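Enquirer: This is the structure, below, for whatever I ask next.
The values are calculated or read from the model by the stated rules, or taken from the named source; none is laboratory data. If you're wondering where the values come from, they're calculated on a predicted model, not measured in any experiment. Here the Cβ positions follow ideal geometry from the backbone for every residue, glycine too, while neighbour counts run over all protein chains shown.
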Amino acid sequence: MPAVELTLVDLDQPALEGFREFIGAWIVRGPDSALVVDPGPASTIPVLLDALAAQGVRRLDGVLLTHIHIDHAGGAGLLLERFPAARALCHSKGIPHLVDPEKLWRGSRKLLGKVAEAYGPIAPVPEDRIGFAENSRMGGLTVVAIDTPGHAAHHLCYQVGGVLFAGEVAGIGLDTPEGPYRRPATPPRFQYEVSRASLEAASAVPAHSVCLGHRGRVEDPAPFFAAARDQLDHWVAVARRHLEAGSAPWHEAVVAELLATDPMFARRRTLAPDIQARESYFTGNALQGMREYLEAE
């Protein structure tokens, strides 16, 4: 496997409180090759273009989209306009929504409101420049796609060399002085068994490091994925117990127990206040996905 150089480009959203150290794009460079993984929303494509120019990237071979949510893929069309030789990869289920993003944009605005407005409209991707294949050659690099539904039905991980780009299959996290902060990313429509199987599939990839969509890089994949599986199991069990017990308010009861019993999630208390506020919002989104799943059992 050819060695690759990795650069994380922070795509902070100054118009949104706490949306820093959250969204990031990965620049992947190999011998005479360059890829971008999850270019982010339209609003920060200029930031990504500056980072590519600073690295001397004049030709881009590929744009890998782990999923087509607006914070990961909303700017893909704009990036492809600047690099006419590049082609994009995403799950086959996502292709129609990138070619004609009107429905995706409407849904993003309805769900996210001012957050979607800050991210910016989704530029379409020409149909002849996007596709899906389990194995693709992009420049001098081989890209292997792994189907990992859960966070979204169209979620993929990608292996490039010895690196796995995991998107949100294992949730999101931040490094803190006390250790990693982690939480699942399980928005509606969450399906526990599907997400659990995708974690198993991702952990089986022979990679020496894992790059996350939100945020950072892990150099020891086995214990990382084991911890993600344990955390997901624990959250579902806590959510189920409080639902069966009729705890009210349910959300507050679940969060209180998780802060007391999940050391990785408990590190939320060490985050800056604006980031804590952001994480409180997305934690509610993740728990809502779990509640809807449990109520449908």
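Enquirer: Which of (1) part of a helix (DSSP H, G or I); (2) closer than 30 Å to A272 by Cβ; (3) touching a Leu at 6+ places or on another chain (Cβ under 8 Å) is the odd one out, the single condition L98 does not satisfy?
Expert: Checking L98 against (1) part of a helix (DSSP H, G or I); (2) closer than 30 Å to A272 by Cβ; (3) touching a Leu at 6+ places or on another chain (Cβ under 8 Å), the one that fails is (2).
Enquirer: When G18 is evaluated against the numbered criteria (1) under 27 Å from K93 (Cβ atoms); (2) touching a residue at least 60 places away in the same chain (Cβ under 8 Å); (3) not hydrophobic (A, V, I, L, M, F, W, C), which criterion, by number, is the only one it fails?
Expert: (1)
Enquirer: While we're looking at this one, here's another question. Report yes if some residue within the stretch 114-121 is in a loop (DSSP other than H, G, I, E, B), hydroxyl-bearing (S, T, Y) and either surrounded by 15 or more Cβ atoms within 10 Å (Cβ to Cβ) or touching a residue at least 60 places away in the same chain (Cβ under 8 Å) (or both); otherwise report no.
Expert: no
Enquirer: Is it the case that some residue within the stretch 135-157 is under 22 Å from G24 (Cβ atoms), aliphatic (A, V, I, L, M) and part of a helix (DSSP H, G or I)?
Expert: Scanning the stretch 135-157 turns up no residue that is under 22 Å from G24 (Cβ atoms), aliphatic (A, V, I, L, M) and part of a helix (DSSP H, G or I).
Enquirer: Right, another one. Exactly one condition in (1) in a helix (DSSP H, G or I); (2) within 21 Å of G161 (Cβ to Cβ); (3) among the small types (G, A, S) is false for A53; which is it?
Expert: All conditions pass for A53, except number (2).
Enquirer: Next up: Checking the condition modelled with pLDDT of 95 or more, within 17 Å of T44 (Cβ to Cβ) and among the β-branched types (V, I, T), which residue from I130, I122, I95, I146 passes? Steps first, answer last, please.
Expert: Working: I130 fails: within 17 Å of T44 (Cβ to Cβ); I95 fails: within 17 Å of T44 (Cβ to Cβ); I146 fails: within 17 Å of T44 (Cβ to Cβ).
When all the criteria are applied, what remains is I122.
Enquirer: Quick one: which residue in D71, D61, D32, D38 is farther than 24 Å from Y281 by Cα, acidic (D, E) and either under 20 Å from the mean Cα position of the chain (by Cα) or surrounded by fewer than 18 Cβ atoms within 10 Å (Cβ to Cβ) (or both)?
Expert: D32
Enquirer: Determine if the stretch 142-155 includes at least one residue that is touching a residue at least 60 places away in the same chain (Cβ under 8 Å), surrounded by 15 or more Cβ atoms within 10 Å (Cβ to Cβ), touching a Cys at 6+ places or on another chain (Cβ under 8 Å) and closer than 27 Å to A239 by Cα.
Expert: Scanning the stretch 142-155 turns up at least one residue that is touching a residue at least 60 places away in the same chain (Cβ under 8 Å), surrounded by 15 or more Cβ atoms within 10 Å (Cβ to Cβ), touching a Cys at 6+ places or on another chain (Cβ under 8 Å) and closer than 27 Å to A239 by Cα.
Enquirer: Of everything in the stretch 185-229 that's in a strand (DSSP E or B) and under 15 Å from the mean Cα position of the chain (by Cα), which residue is nearest to R20 (Cα to Cα)?
Expert: Once the filter is applied, the top-ranked residue is G216.
Enquirer: Pick from D71, D38, D61: which is in contact with a strand residue (DSSP E or B) (Cβ under 8 Å, 6 or more places away or on another chain), charged (D, E, K, R) and within 18 Å of Y119 (Cβ to Cβ)?
Expert: Unique residue meeting the criteria: D38.
Enquirer: How do the pairs read when you match residues in the stretch 68-87 that are on the phi > 0 side of the Ramachandran plot with residues anywhere that are buried (at least 19 other Cβ atoms within 10 Å of the Cβ), using Cβ under 6 Å and keeping only pairs 6 or more apart or on different chains?
Expert: Listed by first residue and then by second, the contacts come to nothing, as the list is empty.
Enquirer: Filter the stretch 122-134 down to residues that are farther than 27 Å from R20 by Cβ and among the small types (G, A, S) and give me whichever is surrounded by the fewest Cβ atoms within 10 Å (Cβ to Cβ).
Expert: My answer is A133.
Enquirer: Please count how many residues of the stretch 175-204 are surrounded by 21 or more Cβ atoms within 10 Å (Cβ to Cβ) and within 24 Å of R278 (Cα to Cα).
Expert: Here the count works out to 8.
Enquirer: Here's another thing I want to ask about it. Going through L243, L232, L259 one at a time, which residue ends up being closer than 12 Å to M290 by Cα, under 24 Å from the mean Cα position of the chain (by Cα) and not small (G, A, S)?
Expert: L232
Enquirer: In the stretch 243-267, what count of residues is obtained for those that are among the aliphatic types (A, V, I, L, M) and crowded, with 18+ Cβ neighbours inside 10 Å?
Expert: The qualifying residues number 5.
Enquirer: Let me ask something else. How many residues are buried (at least 20 other Cβ atoms within 10 Å of the Cβ) and either closer than 23 Å to E5 by Cβ or of a type in the set (S, T, Y) (or both) if we restrict to the stretch 84-102?
Expert: 3
Enquirer: Is it the case that the stretch 242-257 has a residue that's among the acidic types (D, E) and closer than 30 Å to V163 by Cβ?
Expert: no
Enquirer: Can you tell me which condition S92 does not meet? The list is (1) assigned to a loop (DSSP other than H, G, I, E, B); (2) touching a residue at least 40 places away in the same chain (Cβ under 8 Å); (3) in contact with a helix residue (DSSP H, G or I) (Cβ under 8 Å, 6 or more places away or on another chain); (4) more than 30 Å from A277 (Cα to Cα), and all the others hold.
Expert: Single failed check for S92: (3).
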